[in-house]
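I have placed the structure first, in the form of structure tokens, so that the comments after it can refer back to it.
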Amino acid sequence: MTNLRWGLLATGTIAAEFAAGVRQSRHGVLTAVAARSSERAREFATRFGVPNAHGSYEDLLADPEVDAVYIATPHALHAEWAVRAAEAGKHILCEKPLTVTAAEAERVVDAARRHDVFLMEAFMYRLHPQTRRLVELIESGAIGEVRAVDVTFSFDSGANDAARLADPALGGGGILDVGCYCTSLARLVAQAATGTAVAEPSDVTGMARLTGDGVDEFAMGLLRLPGGIIAQLSCGYRLAQDDHIRVYGTAGQLHVSTPAWTHEMRPPGVSTLFLTRGTGEPEVIEVEATEGLFIREADHVARHLADRQSPELTWAETVANMRTLDRWRAAVGYGG
Ligand SMILES: NC(=O)c1ccc[n+]([C@@H]2O[C@H](COP(=O)([O-])OP(=O)(O)OC[C@H]3O[C@@H](n4cnc5c(N)ncnc54)[C@H](OP(=O)(O)O)[C@@H]3O)[C@@H](O)[C@H]2O)c1
């Protein structure tokens, strides 16, 4: 396999983490980076040893030495740059959520299909062995028939640290930023429990605390999923809660206190799931991740490039997740 030549589109917090991952990957090499200013691009290039620094995203897409782009702008810019990347013939790993709305996600998928490029939403938690083990346990019937899911991803960004998160023009709000993991995980559980390829809720309700601009500071949601599974979701950027996953079945429950999307799960290491059968004591299940999550993600893209989609997260699944997010935001009155 030849090395996949990566170009980074934006130089923010997560772009720096992904850059470090690509540098340690087996099948990837960082060839270019772009920022909205040449100075910022050069500074990032120096920090990570990237050969080409571009002062505009357009220049990155015109760079013949770039095979794949990693889009790490605020959500509201994902659709435009993903479509333009596809038109430029670049493979795409785009940060979550793929877009702001499901209609935009469909346009991005359509562009990837027409221009025959790889496309994946960067839900790296899907690639973590902890998530795989959770799915296997559910599929094996370890907790009987799944009845309910309870999932929380919620943090307090602090008053001075929330520009992207609070701005409606940038796709602000907890639902789009971290609630997308909750809907994704709840749907994944329903898929594992029922054998459905793409699980989508029949009912979506919710409530949120909204800013004056109609952005959800924190939100709760309820989904009715295939198999009659009910999921309760909690997310936010202005409310520190304990992140967790709990899956309840007719014969027991599974508990993950440090889900694979948390910062602690990014480096290699051992994570823990708790399996309780009936009324017994929880059984501790340890799962080892032998490599960092962003290294794994970069290599996953390289390995599945020819398939154009990831087997762990298909285009149909991404669009279904975006539809669920549309409905959750509508239910809480997002936008005022
Ligand atoms: N997978 C994960 O674990 C994870 C974690 C955090 C964030 N994310 C996702 O990654 C994306 C970026 O998040 P982040 O935390 O890295 O954000 P950030 O630190 O604020 O960086 C955003 C970058 O986007 C670029 N940008 C382009 N247009 C912009 C605009 N109008 N306003 C502000 N920035 C603009 C800027 O780069 P230049 O100045 O370099 O052009 C900036 O550095 C989001 O979609 C988020 O959901 C994913």
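The values are calculated or read from the model by the stated rules, or taken from the named source; none is laboratory data. Not measured: the values here are computed from a predicted model. We place every Cβ from the backbone using ideal geometry, glycine too, and count neighbours over all the protein chains shown. Remember, those area values only see protein heavy atoms, side chains included, never the ligands or the DNA or RNA. Shrake-Rupley method; radii C 1.70, N 1.55, O 1.52, S 1.80 Å.
Pairing residues of segment 74-99 that are at pLDDT below 95 and near the ligand (Cβ under 8 Å from one of its atoms) with residues that are open to solvent by less than 10 Å² (accessible area, probe 1.4 Å) and assigned to a helix (DSSP H, G or I), at Cβ distances under 8 Å and at least 6 apart in sequence or on separate chains, gives no pairs at all. Here Ala105 clears all of (1) within 27 Å of Ala163 (Cα to Cα); (2) within 13 Å of the ligand (Cβ to nearest atom) except the condition numbered (2). Once segment 145-162 is narrowed to residues that are surrounded by fewer than 16 Cβ atoms within 10 Å (Cβ to Cβ) and out of contact with any Leu (no Cβ under 8 Å at 6 or more places or on another chain), the residue that is nearest to Glu297 (Cα to Cα) is Asp161.
Looking across segment 250-268, just one residue is surrounded by 23 or more Cβ atoms within 10 Å (Cβ to Cβ) and more than 14 Å from Val287 (Cβ to Cβ), and that is Trp261. Taking every residue in segment 106-130 that is closer than 15 Å to Val319 by Cα and of a type in the set (Gly, Ala, Ser) and pairing it with any residue that is within 15 Å of the ligand (Cβ to nearest atom) and open to solvent by 10 Å² or more (accessible area, probe 1.4 Å), at least 6 positions away or on another chain, the pairs with Cβ-Cβ distances below 6 Å are Ala122/Glu95; Ala122/Lys96. Screening Ser140 with (1) touching a residue at least 60 places away in the same chain (Cβ under 8 Å); (2) farther than 13 Å from Asn321 by Cβ; (3) open to solvent by 30 Å² or more (accessible area, probe 1.4 Å) gives one miss only, at (1).
Each row is one residue, and each column tells you yes or no for (1) over 21 Å from Arg26 (Cβ atoms); (2) without any contact (Cβ under 8 Å) to a residue 60 or more places away in the chain; (3) touching a Leu at 6+ places or on another chain (Cβ under 9 Å).
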site: Leu223; (1), (2), (3): yes, no, yes
site: Ile245; (1), (2), (3): yes, no, yes
site: Gly249; (1), (2), (3): yes, no, no
site: Thr272; (1), (2), (3): yes, yes, no
site: Glu283; (1), (2), (3): yes, yes, yes
site: Glu297; (1), (2), (3): no, no, yes
site: Ser310; (1), (2), (3): no, no, yes
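Residue count for segment 40-54, restricted to those that are within 10 Å of the ligand (Cβ to nearest atom) and open to solvent by 60 Å² or more (accessible area, probe 1.4 Å): 2.
Taken as a whole, the condition of being free of Cβ contacts under 8 Å to residues at least 24 places away in the same chain and not assigned by TED's automatic domain parsing to the domain that holds Leu325 applies to Ala53. Of the residues making up segment 89-112, none is surrounded by 16 or more Cβ atoms within 10 Å (Cβ to Cβ) and over 30 Å from Leu185 (Cα atoms).
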